[in-house]
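Since the structure comes first, as structure tokens, the remarks are kept for the end.
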Amino acid sequence: MIQLKNEKLCVCIAERGAEIVSVKNAAGYEYIWQADPAFWAKHCPVLFPVCGRLRNFEYTYRGKWYKMGNHGFAQRKIFAATHEGDSALFVLREDEETLAEYPFRFELRIRYTLEGNTLHADVCVFNPDEEPLYCNFGSHEAYAAEHFSEWSVRFEKEENLVLSVQEGGYLTGEKQAYAQNVRTLPLNHTMFENDSLLFDGLASRRITLLHGEKEVVSVDFAPFEHLLLWTKPGAPYLCIEPWNGIPDYADADGDLTHKAGILRIGVGQSRQMRHSITFHD
């Protein structure tokens, strides 16, 4: 476990999955969901090399089929970690286990930096191989939200919210008008009875979780194409999820190079992205 600490926050990050497991302020308030297995036994998993669900949990690359679970394997792997001052670097590379389900060499680097009451997460995916690398990356941070109906999210800009419709974890291709002229969206568990809310075409690049009128957490996600909200009905947390990638469509052909939203990283090239989480007093 790596700890980043200043006068405002104490952040704990596990080497397994490079997962944020705790963020407390000076008064001891815990912002992060504490992984009660009665609901969901995770905190803030890192999603790589896919986001969401592959059709039938499989894909094909160069004529060979591979199995892969929801959100990929990074969440269960031990990262190499180094820590200096207010920053910690977590690095994951391919090994025999990953190559059995994902036939690519890669280097996934995640640097967490604590600056005041903000935690920056800088991700770099580097391709050291002699062929293109196909991947996605996303974050899945869960924030504690007791008495769920007292909470809401506020968008940076007024939004006409449009959902990408999902059935059974797959996209149907249908778009659905969800709410018009919205800045603040009250939360309730019935919103999530059919899975996560995947919003298309947001103008906002920042979203804030509110308890009543009080700002609790703000997430800046400028380089990410998609934003999802999710909880399990009845659970006291909300996941705010910036993704570069989407679940498979129900009629996907399974070819990884055809996958909707897949990133193609050229030989010797990298893809970088940052999201920042501000924890309000």
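The values are calculated or read from the model by the stated rules, or taken from the named source; none is laboratory data. This structure is a prediction, so every number in the text was calculated from the model and none was measured. Quick reminder, even Gly has a Cβ in these numbers, built from the backbone with ideal geometry, and neighbours come from all protein chains shown. Note: areas computed on protein heavy atoms with side chains; ligands, DNA, RNA excluded. Shrake-Rupley method; radii C 1.70, N 1.55, O 1.52, S 1.80 Å.
Structural remarks
- Cα gyration tensor, region 25-121 - rounded (a/c under 1.5), prolate or oblate: oblate
- Amide H partners (placed H, <5 Å) of Val182, local residues excluded: Glu159, Asn160, Leu161
- As a calculated quantity, the FRET efficiency between Thr172 and Ala222 at R0 = 30 Å, using C-beta atoms, amounts to about 0.60.
- Anisotropy class of region 106-234 from Cα gyration tensor, a/c 1.5 cut: oblate
- Note on Lys24: aspartates and glutamates with a C-alpha under 18 Å away, same-chain residues under 8 apart excluded, are Glu7, Asp36, Asp86, Glu115, Glu141, Glu146, Glu215, Asp281.
- Taking every alpha-carbon pair under 8 Å whose residues sit at least 6 apart, region 223-281 reaches a relative contact order of 29 percent.
- Normalised by the number of residues in the chain, the average gap of Cα pairs under 8 Å and 6 or more apart makes the relative contact order 20 percent.
- Whole-number percent relative contact order across region 30-130, with pairs defined as alpha carbons under 8 Å at least 6 apart: 16
- Just the protein heavy atoms count here, and of the accessible area of the chain at 1.4 Å, carbon and sulfur take up 46 percent.
- Calculated mean residue ellipticity, 222 nm, the chain: -500 deg cm²/dmol, from DSSP H runs (n ≥ 4) at -39500 (n - 2.57) each, averaged per residue and rounded to 500.
- A DSSP coil position with no more than 12 other Cβ atoms inside 10 Å describes the following GluC sites (Glu not before Pro) in region 113-177: Glu130, Glu146.
- Distant-in-sequence amide H partners of Ile32 (H built 1.01 Å from N, under 5 Å): Val23, Ala144
- Ranking Ser152, Tyr29, Pro103 by Cα position along the charge dipole of the chain, where only Lys, Arg, Asp and Glu carry charges on their C-beta atoms, puts Pro103 farthest toward the positive end.
- FRET E, pair Asp251, Glu58, Förster distance 25 Å, beta-carbon r, rounded to 0.05: 0.95
- Spin-label zone in region 113-142 - amide nitrogen under 20 Å from a point set 7 Å from the Cα of Arg154 along the C-beta vector: 117-119
- For region 267-281 versus region 48-69, the gap between their alpha-carbon centres in whole angstrom: 25
- Accessible area (Å², per residue) of region 1-67, counting only protein heavy atoms and a probe of 1.4 Å: 48
- Between region 87-101 and region 196-246, the alpha-carbon center distance in angstrom: 27
- Charge dipole of the chain about the Cα centre (unit charges at C-beta), most positive-ward option of Leu161, Trp230, Tyr66: Tyr66
- Integer Hz, Karplus 6.51/-1.76/1.60 couplings in order for region 181-193, x for Gly and Pro: 6, 9, 10, 10, 10, x, 9, 8, 6, 5, 4, 10, 5
- A full extension of the chain between Glu193 and Glu96 corresponds to an added length of 31.1 nm, given 0.36 nm per residue minus the alpha carbon distance.
- Phe137 - accessible surface, heavy atoms, 1.4 Å probe, Å² rounded to 10: 0
- Extension gain, Glu30 to Thr82: 0.36 nm times the residue separation minus the Cα-Cα distance gives 16.3 nm.
- Positive minus negative residues near Gln166 (Lys, Arg vs Asp, Glu; Cβ under 10 Å): -2
- Approximating the spin labels as points 7 Å out from Cα along Cα→Cβ, the Gln272-to-Gln180 distance works out to 4.3 nm.
- Dipole magnitude for the chain: computed about the Cα centre from +1 point charges on Lys and Arg Cβ and -1 point charges on Asp and Glu Cβ, it is near 180 debye.
- Residue-span extension gain [Arg105 to Ala203] - 0.36 nm each, minus C-alpha spacing: 31.8 nm
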